[in-house]
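Every read-out reported here was derived from the displayed coordinates using simple, explicitly stated rules and does not represent laboratory data. Everything quoted here is computed from the prediction, not taken from an experiment. So basically every Cβ, Gly included, is an ideal-geometry build from the backbone, and we count neighbours across all protein chains shown.
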Amino acid sequence: MNQDTSRTPQRKTGSGFGKESTAAEVVAGIDLTGRTAIVTGGYAGLGLETVRALVSAGAEVLVGARRPGHAREMLEAAGIPFGLPAGAEGGAVSVGALDLADLASVKSFADGFLSAASGDPAAGLDILINNAAIMASPERRVGRGWESQFATNHLGHFALTNLLWPALAAGQGARVVSLSSTGHKLSPIRFDDINFDTGYDKWKAYGQAKTANSLFAVHLDFLGRDSGVRAFAVHPGGIMTELQRHLPREEMVAAGWMDQDGNVDARFKTPAQGAATTVWAATSPALQGMGGVYCEDCDIAEPTRTGSPEARIRGVEAHAVDPSDAARLWTLSAEMTGINAFG
């Protein structure tokens, strides 16, 4: 593929925000009235705080959830409004059934959104946040024999984004945010054994999925920019959420994430801080005309400084932003799912 000379540089912009910034702080002063957003898994942890910030700025947010009833209970308990009286100002949230490991469910969710928007010629999707994920889970096969972390974290979101493409193209300069993590440092894409058929490693499988999330943003931005759609990958930081549900405490203690008494390491962010980079990437006016980059701590990340003390926890590896691998992964994902809005 030809070299893309218009790519946004992978370097800091001096955003004015940082590691301790919260989602509420980065969205302050931004008016999302009349804008529509979708957040997968937006009912707990980072997703919940992301939805809270978007709604507070006036957006109408649809949350995709595998258990819609549970998601609604969580959002109601958090005090996020599900509807407003006629004429009232502000955003609100709704919930739709979405199982990212099931392509039929993904198609049903996307079809439902497109159908609901079809009666309004001005309707579009302005923000899509591919937030839901599983981490270091036991070996499981889903769909067409796919490894579950790659399928849930990447293929489900790949299919969803492509199916929603008509609404994204009709949005007001739509942005797609893909949740990656420093987990991408654990593995590049294993093109020769993408489903771990020769032996499963839960952390390498997670690493591959997070690399896929980043590469997805790289190529989507390349494909979508002429339609005004820009894409970003974000590392939210270390946060204790439901994402750790498959990890025993002993493993988290051994990793230094918490002590024997369950006290979380001081380096970890709160969920509100963890959601900040997602919200910044989705809404910041400073990112106008940019895209296809990996972000952390509310700014574009720098490439990993190999050999530095923070190489494992900061920066982005070359394999996660390589445009050739991004294009190759896109083609493979389209073949695996049978879905490609740009085919």
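Its Cα gyration tensor gives the range 147-196 an equivalent ellipsoid, and the semi-axes of that ellipsoid, as √(5λ) in whole Å with the largest first, are 26, 13, 8. If you count Lys pairs in the chain whose Cα atoms are under 23 Å apart, skipping same-chain pairs closer than 8 places in sequence, the total is 13. The magnitude of the dipole of the range 1-59, with charges of +1 and -1 set on the Cβ of Lys/Arg and Asp/Glu and taken from the Cα centre, is near 180 debye. For residue 58, the residues whose amide H sits under 5 Å from its own are 32, 91, ignoring neighbours fewer than 5 places away on the same chain, with H placed 1.01 Å from N. Gain on full extension, evaluated as 0.36 nm per residue between residue 318 and residue 288 minus their Cα-Cα distance, stands at 8.4 nm.
Could you give the length gained by full extension between residue 123 and residue 11, i.e. 0.36 nm per residue of separation minus their alpha carbon distance, to one decimal place?
Numbers: separation 112, 0.36 × 112 = 40.32 nm, distance 3.43 nm.
Full extension from residue 123 to residue 11 adds 36.9 nm.
Could you tell me which helices of the chain pass both thresholds, a Cα extent of 27 Å or more along their own axis and a mean Kyte-Doolittle hydropathy of at least -0.5, with helices taken as whole DSSP H runs? Helices meeting the span and hydropathy rule in the chain are 202-224.
Please work out how much length the chain gains when fully extended from residue 332 to residue 70, using 0.36 nm per residue of separation minus the C-alpha to C-alpha distance, in nm with one decimal.
Values: separation 262, 0.36 × 262 = 94.32 nm, distance 3.41 nm.
90.9 nm is the gain from fully extending residue 332 to residue 70.
In this simple spin-label model, placing a label point 7 Å from the Cα along the Cα-to-Cβ direction at both residue 28 and residue 115 gives a separation of 4.3 nm.
Taking the Cβ of each residue in 94, 6 as the centre, tally the other Cβ atoms inside 10 Å and list the residues starting with the fewest. Walk me through the numbers before you get to the answer.
On the way: 94 14, 6 9.
Final ranking by Cβ density, sparse to dense: 6, 94.
Evaluated at q = 0.13 Å⁻¹, the base-10 log of the normalised Debye intensity for the chain, with identical point scatterers placed on the Cα atoms, takes the values -0.95.
Each of 203, 146, 280 was scored by other Cβ atoms within 10 Å of its Cβ. Arranged with the fewest first, they read 203, 146, 280.
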